[in-house]
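Working notes for the structure below.
The values are calculated or read from the model by the stated rules, or taken from the named source; none is laboratory data. Here the structure is a predicted model, which is why all the values come from computation and not from measurement. Cβ: placed from backbone, ideal geometry, glycine included. Neighbour counts: every protein chain shown.
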Amino acid sequence: MKATKECYPCLERLVRQAADLATQDPELKTKAIYEGLKLLKAEFSVNRPTIPVATHLHRLVRTITGNPDPYLRIKEAEMRMGEEFYRNVNLDGNIAEYLRLAVQGNSIDFFKDLETVRYDLTLPVEFAIDNTKAFDI
């Protein structure tokens, strides 16, 4: 999917978030953000997808800060949360329940704080168009 102009601020936020998570050193953080925003300005285009740009931005932040995985602590916390959530899920073998579980799992997002994710996992999932019965065997 090609980028839209609305993607630019999100990618700016991604640079800042990754730099903030990658280091506590204010000089490295400032350098990572500065270089990341410069790279974003040079590479962003509505004529190409955002994924390659985001990949380059993450690689730059990792290189500048020396942190191979700025999101490691968040990923570990999200995995613990997902495991806790899954332990409390009762699936009856119904494909619709598995699809709802997949939708809930997609609510886990690095741009959300963990409490928001935890809350989102408690929300019921209703499909606007529910064709799940077509999967019944």
* Asked: Here are some residues: N106, N94. Which one is within 25 Å of I129 (Cα to Cα), surrounded by fewer than 15 Cβ atoms within 10 Å (Cβ to Cβ), modelled with pLDDT of 80 or more and not hydrophobic (A, V, I, L, M, F, W, C)?
  -> N106
* All positions within the stretch 38-79 that are touching a Pro at 6+ places or on another chain (Cβ under 8 Å) and at pLDDT below 95 -> none
* Asked: Which of (1) small (G, A, S); (2) surrounded by 12 or more Cβ atoms within 10 Å (Cβ to Cβ); (3) more than 30 Å from G36 (Cα to Cα) is the odd one out, the single condition A54 does not satisfy?
  -> (3)
* Could you grab the pairs with beta carbons closer than 7 Å, sequence gap of 6+ or different chains, first residue in the stretch 36-50 and among the acidic types (D, E), second one at pLDDT 95 or above? => E43/V53; E43/H56
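Here is a check on your reading of the model: is L91 of a type outside the set (S, T, N, Q) and not in a helix (DSSP H, G or I)? If you could, list the steps in order and put the result at the bottom.
Details: of a type outside the set (S, T, N, Q): yes; not in a helix (DSSP H, G or I): yes.
Considered against the rule, which asks whether it is of a type outside the set (S, T, N, Q) and not in a helix (DSSP H, G or I), L91 comes out as yes.
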* Asked: Which ranges mark the helices (runs of 4 or more DSSP H) fully within the stretch 18-88 that have 1 or more residues being hydrophobic (A, V, I, L, M, F, W, C) and over 26 Å from S107 (Cβ atoms)?
  -> 26-43, 51-65
